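Working notes for the structure below.
Bear in mind these aren't lab numbers, they're just calculated from the coordinates by the rules spelled out. Just so we're clear, the structure is a prediction, and the values are computed from it rather than from any experiment. Every residue, glycine as well, gets a Cβ built from its backbone with ideal geometry; the counts of neighbours run over all protein chains shown.
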Amino acid sequence: MVIKKFKLSFFIVCILSLIMFLAGGCSLLSDKSTQTTGGFTQGSMSVHFIDVGQADSILIQSGEETMLIDGGNNADGEAVVSYLKKQGVKELTYIIGTHPHEDHIGGLDEVINEFSVGKIFLTDFVLPNVSFERLLLAIREKDLQILNPVPGDEYSLGSGKFTFIAPVGKDYGNKVNNYSLGIKLENGTNVFLLTGDAEIESEKDMVESGIDLEADVMKLNHHGSTTSNSEAFIEAVDPIYAVITVGTDNPYGHPSSSIVTRLLDEDIQIYRTDLMGAVVITSDGTNLTFQTEKKAGEKSVRDETVVNETEEVTKPTAESSEEIKVYITETGHKYHNVDCSYLKKAPDEIDLMEALERGYEPCSRCNPPQ
């Protein structure tokens, strides 16, 4: 069951939640949090969409249990660890690495090295790259067992539970995003849908599987890209709120203006980490309250851009990475400029976006576009 959706254009929930101080830690989020000594109230769950730029990292806390979904880019590991500590996290009950792209698993090795971890879930699609290798090394050093969940697997989390719902399909070829692990997170009657970078093919399989996808809050897939967030999928989820985890002035033009328009046409309220910093949603099992890291005239912890309260939700599209060409070799794991001295043989030309999607990392010698 989800909150009844009143589609009124003036229905804007702006109540700031009282994010609690845990175990002597303090929140990064605003001066409107209040201190408590008893931790979370019975039945409370907080979902933190951490601002890690053009990447994903989501912390979920309920009672004494915690879960981290993704850890941002390689360079974000320290920041994610710091954020978790400031929320009072001592150990992680669960970690989910949705899929083996750097912007999702890059910082997880530092998280695993820093915290005790109960269970770790990874998709069974393997993509050899530096980020994935570092993650596997951290897992081995902690003697953790990797679990490959399937749709229908269910786990408790404090006062709530989460159920794996994706990937439904078994073979998406080399489209790594479609192998993203997706979950339906429930706390009482409040529902969140978190499905990584799942693209249209995976979304279609979820819809056709008959899974109940309806949710109060949907994290847009693939940072609001048009390769995801199909009309049929959004209709099936029927969210009241959409969260877009996206970097300021990113080179991909995320989120797509057409996707933002689709949400606005459906009176879906949008929260964006590039404009608002970290977004924290707290559920008491019935109601949702929202808190954002920055407001008009304030600076976020991550970026120094001041955002006006009246700024349009849509942003100018940057030069598309599909128009930027880079070069790869058959055996390497990095992409290059055409004149890079590392390219001894005739290289293959591909789009920058495709190189990033396939897990290639930029060459440190020739410094290609990123």
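Per-structure values
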read-out	value
Antiparallel %, DSSP beta bridges [both residues in the stretch 45-292], to 5	60 percent
Too-long pairs where the Cα-Cα distance tops 31 Å, listed order kept, from Lys85/Lys334; Lys170/Lys219; Lys294/Lys325	Lys85/Lys334; Lys294/Lys325
Rounded if a/c under 1.5, otherwise prolate or oblate - the stretch 224-293, Cα gyration tensor axes	oblate
Unsatisfied cross-links (Cα-Cα over 25 Å) in the set Lys90/Lys142; Lys119/Lys204; Lys142/Lys175	Lys119/Lys204; Lys142/Lys175
Inter-site label distance for Val126 and Leu144 at 7 Å from Cα along Cβ, in nm	1.9 nm
Prolate/oblate/rounded label for the stretch 65-118 (Cα gyration tensor, a/c 1.5)	oblate
Global geometry of the stretch 45-292, whether rounded, prolate or oblate, following the gyration tensor of its Cα atoms and the 1.5 cut on a/c	rounded
Length gained when the stretch Asp267-Ala75 is fully extended (0.36 nm per residue, less Cα-Cα span)	65.6 nm
